[in-house]
Amino acid sequence: MTGEATGGLLRRRHILLIHEDAFIGRYLAEVIMRSGGTVTHLPGVTAGAAPFDILRLACALVLSDTAPASDAVAAAAAERDLPFVIVRSAQRACAVAPTEHVLTAPFAGFQVVELLHHMLKRQEPAIGTEADRPRHGG
């Protein structure tokens, strides 16, 4: 940890983390957990595999753009209207302006947490229902 103070920003939120780099994956998982979230960390997936089922159980997704099948996973998350953050290595950075859900290295774990929190807050229903609670951590 680098001293980020993220408190309970992700309290009771289940985050699917797909990152092929074990060190970065552990670092991000630790920051998310210290922010109150629970994490399922996978190093990568094959197209059509179980993570597409796991997406329906997650509140949000953190995805490395170099993880196997990352394009398919991102498309599935977008199709399900699941908030997601793509973390991109500095080597893959491009001149195209990044969208709000892309962080390019170097980035800190607290930036991922704050972006997830912001995206999840925007999706929260004004008046929660029983059906909303599992997805939104209620």
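A few comments on the model shown:
- Residue within the range 88-102 that is at pLDDT below 90, touching a helix residue (DSSP H, G or I) at 6+ places or on another chain (Cβ under 9 Å) and buried (at least 16 other Cβ atoms within 10 Å of the Cβ) present: yes
- The range 8-45, subset over 18 Å from Val113 (Cβ atoms) and of a type in the set (Gly, Ala, Ser), residue modelled with the lowest pLDDT: Gly44
- Residues being without any contact (Cβ under 8 Å) to a residue 12 or more places away in the chain and not charged (D, E, K, R) - total across the range 100-122: 2
- Identity of the residue in the range 46-72, open to solvent by less than 10 Å² (accessible area, probe 1.4 Å) and part of a loop (DSSP other than H, G, I, E, B), that ends up modelled with the lowest pLDDT: Ala67
The values are calculated or read from the model by the stated rules, or taken from the named source; none is laboratory data. Since this is a predicted model, take the numbers as computed values, not measurements. As a convention, Cβ positions derive from the backbone with ideal geometry for all residues, glycine included, and neighbour counts pool all protein chains shown. With ligands, DNA and RNA removed, areas are computed over all heavy atoms of the protein, side chains included. Shrake-Rupley method; radii C 1.70, N 1.55, O 1.52, S 1.80 Å.
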